[in-house]
Structure formats: C-alpha cells, structure tokens
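The block underneath contains the structure these notes are about, expressed in structure tokens.
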Amino acid sequence: MHATLHLMQRYGFPAMRRGPLDTLQVNLGYRCNQSCLHCHVNAGPQRSEMMSRETVADVLAFLEVSGVKRLDLTGGAPELNAHFRGLVMRAREIGVHVTDRCNLTVLDEPGQEGLAEFLAHQQVEITASLPCYLGDNVDRQRGKGVYQRSIAALRRLNSLGYGEDGGRLALNLVYNPQGAVLPPPQAALEADYRKALGEGYGIRFTRLYTLANMPIQRFGSTLLSKGQFDGYMSLLKQAHRDENLDGVMCRSLLSVDWQGYVYDCDFNQMLGLPLAIEGKRRPHLGDLIGRDLGGNPIEVRDHCYGCTAGNGSSCGGALRG
Ligand code: SF4
Ligand code: SF4
C-alpha cells in the first residue's frame, strides 16, 4: 500500500484549535469481517491488532473522570473485540451514550449471536455503512453478497425497534462516494435512500450521513495507483469552505487507538499523527486525565480538506445542506 502522509503538506490547511471535549471515539481494533475498497483503516480479517482489557479499563476510567458523555466505538468491526459488550454495559451504567459504528454483516457472523438484541437492550445508537441503495454498487465496494446481508441485518434491526420514527433506537446509514468525487447533498440523497429501501424492502432508518472519502490508507493508495491522487486533492482544496471549519469533528472529539494512544481524529490516527501536547511525543489516554484540551492546537494537514470541502464531512455526516 502507498503511504500518503508525505503528500499532505502542499496546500497549507488553516490552523485550528480544539473546543470543549464532547465525544471519545475509540478504535477497538483493526480486525474486520470485511475488506472494503475505500476503508481508511485498512481493516480486514487478517488484522490482529485489538484493544486489550487493560486499555478498555483506561477508556472507562477516562470516561468516569472526564465526564465525557458520548462514546463512539469504531474499528475494524468493533463488535469483534472480546471486551466490546463489557465496555458498552459499563459505559451505559455510568450514563454514557454509546454509538456503535457497525458494518451490519457482523450481526450474522459466527460467534455474534444475540448481538443485535444486546445493542437494542443497551439502547446503543447504530451508525452503519451502506454506501449505496443499489446492490451492485455496495458489493463492488464492500464485497460480494454484502448488500443482501446488509438488507437482512437492517430488517432485523427494524424488528427490534431500530429506526422507528421518534423511537429511542437510532439507526443511521452512512453513504460515501464510489470514487474520487464529493458526496451529493445529504437531504436529497436521504430522500432517495428512504424511497428505495422503504419501497424495496420495507426498511426504516433515522438519518443518512454523507461522508467524503479521505485520501489516506487504502483509498489514498488506490488513487495513487490510478494516477488520480493529485486530481482528488485539488478537487478537495478547490471545494474548501471556511464556514465548515467550526463544525469539523476534531474540535470536540478525541480519537483513541487500539493501544490507548490519542489523536485529534480517526484520520490522524490512521496517518500516525498524534495529538500535540507539550512534553509528550505520543500521548496516551492516561496522560490526559485531569487535563483540559480546550484551545489545544489541532494537527492539520491537507487531508483535512476532506472534512471542509463542499457541504463538509464529519462522523455525523455533512456539516450543511
Ligand atoms: S466494514 Fe468498515 S472497517 Fe471493515 S473493512 Fe469495511 S470500511 Fe473498513
Ligand atoms: S481530518 Fe478532519 S477531523 Fe481530522 S484533524 Fe483534519 S479537519 Fe480535523
């Protein structure tokens, strides 16, 4: 795979500082039952990096002391971590809202029996990738048969109360473009998804998030191999909007890797760009207990244009439009 970090200092992204911390986003490991083409984590079934019980305990200790009320679990497939259910239960006990970034197909993987029911019982919000409402496009990006398995998983989640209008169990879908283009407007695409999934399969969901593809890891490497990297970077730079700077997720989110080291966001984690704090070259979550990160400089590079181009892109979807 081609590295892209050294190509990320040509345009000079504007300097930014962190605001109040709202969400702890924790990567529970790189193992995944899928190997999607656009994956910015380079996750897959062969990866063995998984968060240990001790680091999970560090995460819980941080939540308890910091009072941060949102825990966002990601991976790989976070559910494949042996400590996933214990972490969710304890976080819920201390009043933390939990979001699971679920790839849907994990719900019917061997060994994951009862997972959907567990998530519903714990009132975990689910944010699930479904990069198109057309089966061929999903299978091309995420693997053969993934679309039909995803549809089956969504119907199962609906049967547990997920995605009901005004209900307590939020089910968000995530769209990302198939190639080196920006996502279309979120509201219009959400209406198309509702129509296609509702009429075709009777599926309900809460919201659709449109995300831009980041020019890093597997997607960045593919762009380099196809000679499309410079064109995509220039597209992102030209579509940059200053008004999106306030809403980017690194202002209010802290990203934790499977070993407990911390970053301004998941993308910086994948690029190996640690959170910048004085006196620590590579800070660990334990170093942050009792420390206010408000006003801390954010480690920005040119990939950040992926968050501010067009309608903007964050872990909660478009920033506008
Ligand atoms: S399901 Fe998600 S984590 Fe797994 S390979 Fe696909 S994009 Fe990566
Ligand atoms: S990639 Fe996005 S979220 Fe990460 S530091 Fe850059 S602007 Fe912030």
- Within the set of pairs 6 or more residues apart or between chains, which connect a residue that is among the charged types (D, E, K, R) inside segment 288-299 to a residue that is away from ligand 1 (no atom under 16 Å from the Cβ) and assigned to a loop (DSSP other than H, G, I, E, B) with Cβ atoms less than 9 Å apart? 292/20; 292/21; 299/264; 299/273; 299/274; 299/275; 299/276
- Task: For segment 6-28, indicate whether the set of residues that are away from ligand 2 (no atom under 16 Å from the Cβ), buried (at least 21 other Cβ atoms within 10 Å of the Cβ) and within 18 Å of the chain's Cα centre (by Cα) is non-empty.
- Result: yes
- Query: Which condition does residue 277 not pass, out of (1) out of contact with any helix residue (DSSP H, G or I) (no Cβ under 8 Å at 6 or more places or on another chain); (2) away from ligand 2 (no atom under 11 Å from the Cβ), if it passes all the others?
  - Reply: (1)
- Query: For residue 95, are the conditions met, namely being assigned to a loop (DSSP other than H, G, I, E, B), away from ligand 2 (no atom under 16 Å from the Cβ) and under 24 Å from residue 267 (Cα atoms)?
  - Reply: no
- Message: Residues that are assigned to a helix (DSSP H, G or I) and touching a Gly at 6+ places or on another chain (Cβ under 7 Å): does segment 253-262 have at least one?
- Response: no
- Message: Please count how many residues of segment 274-295 are under 18 Å from residue 65 (Cβ atoms) and part of a loop (DSSP other than H, G, I, E, B).
- Response: 8
- Looking at (1) closer than 30 Å to residue 195 by Cβ; (2) over 20 Å from the mean Cα position of the chain (by Cα); (3) modelled with pLDDT of 95 or more, can you tell me which one residue 57 breaks? (1)
- Message: Looking only at residues that are buried (at least 22 other Cβ atoms within 10 Å of the Cβ) and of a type in the set (Asp, Glu) in segment 226-276, which one is farthest from ligand 1 (Cβ to nearest atom)?
- Response: 264
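Right, residue 54: away from ligand 1 (no atom under 16 Å from the Cβ) and either under 20 Å from residue 100 (Cα atoms) or not aromatic (Phe, Trp, Tyr) (or both) or not? Walk me through how you get there before you give the answer.
Numbers: away from ligand 1 (no atom under 16 Å from the Cβ): yes; either under 20 Å from residue 100 (Cα atoms) or not aromatic (Phe, Trp, Tyr) (or both): yes.
Considered against the rule, which asks whether it is away from ligand 1 (no atom under 16 Å from the Cβ) and either under 20 Å from residue 100 (Cα atoms) or not aromatic (Phe, Trp, Tyr) (or both), residue 54 comes out as yes.
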- Message: Going by what's in this entry, would residue 26 be described as assigned to a strand (DSSP E or B), touching a residue at least 24 places away in the same chain (Cβ under 8 Å) and within 16 Å of ligand 1 (Cβ to nearest atom)?
- Response: yes
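The values are calculated or read from the model by the stated rules, or taken from the named source; none is laboratory data. Everything quoted here is computed from the prediction, not taken from an experiment. As a convention, Cβ positions derive from the backbone with ideal geometry for all residues, glycine included, and neighbour counts pool all protein chains shown.
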